[in-house]
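Asks: Take this structure first; my questions come after.
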Amino acid sequence: MPYIANTEDDRRRMLERIGVGSVDELFEVIPPSIRLNRPLAVPPALSEPELVRHVRELAGCNDVAGICFLGAGAYDHFIPAVVDELASRNEFYTAYTPYQPEASQGSLQAFFEFQSLICDLTGMEVANASLYDGATAAAEATLMALSVTKRYGKVLISSTVHPHVRAVVRTYLQHLEPELVEVPASGGVTDVDALADAVDDQTAAVLVQHPNFFGALEPVTAVGEAAHRAGALFIVAYDPISLGILKRPGDYGADIAVAEGQPLGIPLQYGGPYLGLLSCRRAYVRRMPGRLVGATLDRDGRRCFVLTLQTREQHIRRQKATSNICTNQGLLALRATIYLAALGPQGLREAALGCVRNAHRLAELLADEGLAELAFPHAPFFKEFALRIPGADVPALVRQMRRAGIHAGVPLGRYDPALGDCLLVAVTEKRTDEELHRYVAAFRAALRGRGGAVS
């Protein structure tokens, strides 16, 4: 719909219609002290060529060059060209919530395929049609566990879960009855003995991340057994790419599996939008948040797709809504669907193996030169690992490497002062051997203070 500014005559007639004499009278309930008593500081209008030139100048200020070794929840994975090509088709790109199935068969089928692929990926029996992001998916899974178990004493969450995810779960629970209890770590992974001591018959759920925030592989079988012995649900936050080689959550006893779907064909983009994945066992399907797309037959016997089990606040049963989720990340779910279909099981396995090889290769190169050591040497890792650099100013090292064209990683001191000399490094299948050696060279130069001291 084109934008047409209201004329003075338009404004006058609107004010007359509602029975006020002026805009000031309309807003007289707003105290004068907080009103803006001047025109907005908007610059004069630009012609189209001037506007294009201005936007290009602004875009030129973005500094996006550099080899990416950043991680901590967002990763630089390869995205096949087919993902952009199909996801940018206008049938999908402009699609909205498919309330009318007769007019939305394409979108509904895409979501149905998405759900099916997520079930295959995780080994779970049912998946919803996506959530906002990985952190809110974890929080929604926690609320879902409370609804299933009817236990309101506490929820256990490992301290090795991403700090942002823990913060979102804590926010969701802060005005509810259950206590959120953080289980300590030992050697970079969840302390299973501490968890076993903390879980009891009032525990609704145990939430761990595998691989965890530090990239380390958790003892998920032992964690799941401890949760189930106490009758609690076992929630796992996973890395979708890792399931190319690691056991699926459903295969080691998870009740609910959640993830950030960004690695599945979604580019890095200043924090989002991203994609929340949630799947669970069939027994809990009626407690699942959001929406579920189902396949059925129409009156002529043709296969078709509909929204089902949508107990949301917008619908008739809104007083029994399982969640306040009122939309989904449909376009991002479509990208994940295309990505998984394009790679297939073998392609996903190759991507995962590429991550493992590259991450371990870089860790070995740094260790061989004596530049750094693994912060958690006894914890196996997937594509991400924590480096300990004794005596280094890690943020300064990162800045120095950035000047050499390398995004070196995420300083862990911002999350835990005890890890102030640690750097979280992610290495995906995209990184070449030449890039790994460039990283080592830049790391060595930064430690020696070339071009800028690193104390």
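The values are calculated or read from the model by the stated rules, or taken from the named source; none is laboratory data. Bear in mind the structure is a predicted one, so any value in this text is a computation, not a measurement. Backbone-built Cβ (ideal geometry, glycine too); neighbour counts: all protein chains shown.
Asks: How many residues, within segment 134-152, are outside any helix (DSSP H, G or I) and buried (at least 16 other Cβ atoms within 10 Å of the Cβ)? Talk me through it step by step, then tell me what you get.
Replies: Within segment 134-152, the first condition is being outside any helix (DSSP H, G or I), and the residues that meet it are 150-152.
Going one step further and asking which of them are buried (at least 16 other Cβ atoms within 10 Å of the Cβ), we end up with 151.
Counting residues in segment 134-152 that are outside any helix (DSSP H, G or I) and buried (at least 16 other Cβ atoms within 10 Å of the Cβ) gives 1.
Asks: Looking at 73, 66 in this structure, which one is surrounded by fewer than 18 Cβ atoms within 10 Å (Cβ to Cβ) and closer than 30 Å to residue 161 by Cβ? So that I can check it myself, show each step before the final result.
Replies: Details: 73 fails: surrounded by fewer than 18 Cβ atoms within 10 Å (Cβ to Cβ).
Result: 66 is the single residue among 73, 66 that is surrounded by fewer than 18 Cβ atoms within 10 Å (Cβ to Cβ) and closer than 30 Å to residue 161 by Cβ.
Asks: A further question follows. So, in segment 351-389, exactly how many residues are of a type outside the set (Lys, Arg), part of a loop (DSSP other than H, G, I, E, B) and out of contact with any Pro (no Cβ under 6 Å at 6 or more places or on another chain)? Write out each step before concluding.
Replies: Step one: of segment 351-389, the residues of a type outside the set (Lys, Arg) are 351-356, 358-360, 362-382, 384-387, 389.
Filter once more, keeping what is part of a loop (DSSP other than H, G, I, E, B): 369-372, 375-380, 382, 389.
Among the residues that remain, those that are also out of contact with any Pro (no Cβ under 6 Å at 6 or more places or on another chain) are: 369-372, 375-380, 389.
So the answer is 11.
Asks: I've got another one for you. Under 6 Å between Cβ atoms, which residue pairs at least 6 apart in sequence (or on different chains) link something in segment 96-110 that is farther than 9 Å from residue 293 by Cβ with a partner that is of a type in the set (Asp, Glu) and surrounded by fewer than 22 Cβ atoms within 10 Å (Cβ to Cβ)?
Replies: These pairs meet every condition: 106/91.
Asks: Return only the number of the condition from (1) in contact with a helix residue (DSSP H, G or I) (Cβ under 7 Å, 6 or more places away or on another chain); (2) buried (at least 16 other Cβ atoms within 10 Å of the Cβ); (3) assigned to a helix (DSSP H, G or I) that residue 91 does not satisfy.
Replies: All conditions are met except number (2).
Asks: Would you say residue 235 is touching a residue at least 40 places away in the same chain (Cβ under 8 Å), surrounded by 24 or more Cβ atoms within 10 Å (Cβ to Cβ), part of a loop (DSSP other than H, G, I, E, B) and of a type in the set (Val, Ile, Thr)? Steps first, answer last, please.
Replies: Working: touching a residue at least 40 places away in the same chain (Cβ under 8 Å): yes; surrounded by 24 or more Cβ atoms within 10 Å (Cβ to Cβ): yes; part of a loop (DSSP other than H, G, I, E, B): no; of a type in the set (Val, Ile, Thr): yes.
No: the conditions fail for residue 235.
Asks: Any chance you could count how many residues in segment 27-67 are modelled with pLDDT of 90 or more and at positive phi?
Replies: Qualifying residue count, segment 27-67: 0.
Asks: Does residue 402 satisfy the criteria of being surrounded by fewer than 18 Cβ atoms within 10 Å (Cβ to Cβ), closer than 17 Å to residue 68 by Cα and charged (D, E, K, R)?
Replies: Numbers: surrounded by fewer than 18 Cβ atoms within 10 Å (Cβ to Cβ): yes; closer than 17 Å to residue 68 by Cα: yes; charged (D, E, K, R): yes.
Taking the combined requirement at face value, the residue satisfies it.
Asks: State yes or no: is residue 179 closer than 30 Å to residue 306 by Cβ, of a type outside the set (A, V, I, L, M) and at pLDDT 95 or above?
Replies: On the way: closer than 30 Å to residue 306 by Cβ: no; of a type outside the set (A, V, I, L, M): yes; at pLDDT 95 or above: yes.
Criteria not met by residue 179.
Asks: Further, regarding this structure: Of a type in the set (S, T, N, Q), more than 21 Å from the chain's Cα centre (by Cα) and crowded, with 23+ Cβ neighbours inside 10 Å: does that describe residue 221? Show your work before the answer.
Replies: Working: of a type in the set (S, T, N, Q): yes; more than 21 Å from the chain's Cα centre (by Cα): yes; crowded, with 23+ Cβ neighbours inside 10 Å: no.
So residue 221 fails the test.
Asks: I've got another one for you. Test residue 333 against the criterion of being under 30 Å from residue 129 (Cβ atoms) and either assigned by TED's automatic domain parsing to the domain that holds residue 132 or of a type outside the set (A, V, I, L, M) (or both), and give yes or no. Talk me through it step by step, then tell me what you get.
Replies: On the way: under 30 Å from residue 129 (Cβ atoms): yes; either assigned by TED's automatic domain parsing to the domain that holds residue 132 or of a type outside the set (A, V, I, L, M) (or both): yes.
Considered against the rule, which asks whether it is under 30 Å from residue 129 (Cβ atoms) and either assigned by TED's automatic domain parsing to the domain that holds residue 132 or of a type outside the set (A, V, I, L, M) (or both), residue 333 comes out as yes.
Asks: Can you tell me which residue in segment 291-307 is nearest to residue 128 (Cα to Cα), limited to those that are in contact with a strand residue (DSSP E or B) (Cβ under 7 Å, 6 or more places away or on another chain) and not in a strand (DSSP E or B)? Break it down stepwise before answering.
Replies: Step one: of segment 291-307, the residues in contact with a strand residue (DSSP E or B) (Cβ under 7 Å, 6 or more places away or on another chain) are 291-298, 303-307.
This time we only want the ones that are not in a strand (DSSP E or B), so: 291, 298.
Details: 291: 6, 298: 22 Å.
Only one residue fits best here, namely 291.
Asks: Under the condition of being more than 16 Å from residue 422 (Cα to Cα) and touching a residue at least 12 places away in the same chain (Cβ under 8 Å), which residue from segment 361-377 is surrounded by the fewest Cβ atoms within 10 Å (Cβ to Cβ)?
Replies: Step one: of segment 361-377, the residues more than 16 Å from residue 422 (Cα to Cα) are 361, 364-365, 368-369.
Applying the additional criterion that residues be touching a residue at least 12 places away in the same chain (Cβ under 8 Å) yields 361, 365, 369.
Details: 361: 15, 365: 17, 369: 13.
Out of the qualifying residues, it is 369.
Asks: With respect to residue 258, is the statement that it is buried (at least 24 other Cβ atoms within 10 Å of the Cβ), under 21 Å from the mean Cα position of the chain (by Cα) and not in a loop (DSSP other than H, G, I, E, B) true? Before the answer, list the steps.
Replies: Numbers: buried (at least 24 other Cβ atoms within 10 Å of the Cβ): yes; under 21 Å from the mean Cα position of the chain (by Cα): yes; not in a loop (DSSP other than H, G, I, E, B): yes.
Yes; evaluated as a whole, the condition is true for this residue.
Asks: May I ask you to verify whether residue 80 is closer than 30 Å to residue 434 by Cα and under 26 Å from the mean Cα position of the chain (by Cα)?
Replies: yes
Asks: Report, ordered by the first and then the second residue, all pairs with beta carbons closer than 7 Å, sequence separation of six or more or different chains, a first member in segment 120-141 that is at positive phi, and a second member that is among the polar types (S, T, N, Q).
Replies: Going by the 7 Å Cβ cut-off, the qualifying pairs are 130/328; 130/329.
Asks: Here are some residues: 116, 107. Which one is surrounded by 13 or more Cβ atoms within 10 Å (Cβ to Cβ), touching a Gly at 6+ places or on another chain (Cβ under 7 Å) and small (Gly, Ala, Ser)? Before you say what the answer is, go through the steps one by one.
Replies: On the way: 116 fails: touching a Gly at 6+ places or on another chain (Cβ under 7 Å).
Sole residue among the options that is surrounded by 13 or more Cβ atoms within 10 Å (Cβ to Cβ), touching a Gly at 6+ places or on another chain (Cβ under 7 Å) and small (Gly, Ala, Ser): 107.
Asks: Being in a helix (DSSP H, G or I) and touching a residue at least 12 places away in the same chain (Cβ under 8 Å) is the filter here; which residues of segment 261-287 pass it? Working first, answer last.
Replies: Going through segment 261-287, the residues in a helix (DSSP H, G or I) turn out to be 282-287.
Correct list: 282, 284, 285, 286, 287.
Asks: Shifting gears a bit: Can you tell me which residues in segment 39-92 are among the basic types (Lys, Arg) and within 27 Å of residue 210 (Cα to Cα)? Lay out the reasoning, then the answer.
Replies: If we filter segment 39-92 for residues that are among the basic types (Lys, Arg), which is where we start, we get 53, 56, 89.
Across segment 39-92, there are no qualifying residues.
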